[in-house]
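See structure below.
All of the numbers you see were taken from the coordinates with simple rules; none came from a lab. Not measured: the values here are computed from a predicted model. As a convention, Cβ positions derive from the backbone with ideal geometry for all residues, glycine included, and neighbour counts pool all protein chains shown.
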Amino acid sequence: MCWMCDNPTATREDYVGQIGRIIAETGWAVQFVERDRLRPPYAYTIGLTSYLKPELVATGMPAQRSAKLLNQVASHVLHADAPEPGEQIQLIDGPLIEIVEVQVPQAHLLLVGEFYGVPYRALQVVHADDRGHWPWDTGYRGIRGGQPVLGPRAPRRAA
């Protein structure tokens, strides 16, 4: 269940304060956005901007899976150079991913804007399906609504 659901008397300011505490403790937080009728769920990091790193976003995954993926990539990004758009990486105990520059991060990562203002940068962690197909491939099998890609693909780069 979500934090606001677990704390029904809390205000939005309480929630933003909770996110701020998580960022202070771990370096970043992951915000999950539920599916709506037409849009599949997505999740994004908040906090990498304070380290002059791009925020990360994943679309078309359930909450726990997207949090695991984003936390794994954020751990790397915090201590190394961020991957470049077009880079494909096989994650240990995770999916094959490709990095895509998010074209308009302010349209999707709303809490990042509340914490850091604009402009800020974001990279999408696009994940292949269980057969190695990408959302732009014929035969891609994702969740209902697919995996929206939030920017143009860059030329492929090896990790």
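Things worth noting here:
- Spin-label pair Gln88/Ser50, simplified geometry with 7 Å Cα→Cβ offset, distance in nm: 3.6 nm
- The calculated FRET efficiency for the pair Thr11 and Leu38, based on their C-beta separation and a Förster distance of 30 Å, comes to about 0.55.
- Met4/His79 FRET efficiency (R0 35 Å; Cβ-Cβ; nearest 0.05): 0.65
- Cα→Cβ-extended label distance, 7 Å offset, between Val104 and Asp130, nm: 3.5 nm
- Sites excluded, trypsin sites (Lys or Arg not before Pro) in DSSP loops with at most 13 other C-beta within 10 Å, longest stretch of the chain: 38-130
- Structural descriptor for the chain: relative contact order 22 percent, calculated from alpha carbon pairs under 8 angstrom and at least 6 residues apart.
- For the chain, the longest principal axis of the Cα atoms and the long axis of helix 12-26 meet at an angle of about 60 degrees.
- For the chain, the longest principal axis of the alpha carbon atoms and the long axis of helix 63-79 meet at an angle near 90°.
- Kirkwood hydrodynamic radius of the range 25-142, from inverse mean 1/r over distinct Cα pairs, in Å: 14.4 Å
- Projecting the Cα positions of Trp134, Ala67, Val100 onto the charge dipole of the chain (unit charges on Cβ atoms of Lys, Arg, Asp and Glu, taken about the Cα centre) puts Trp134 furthest along the positive direction.
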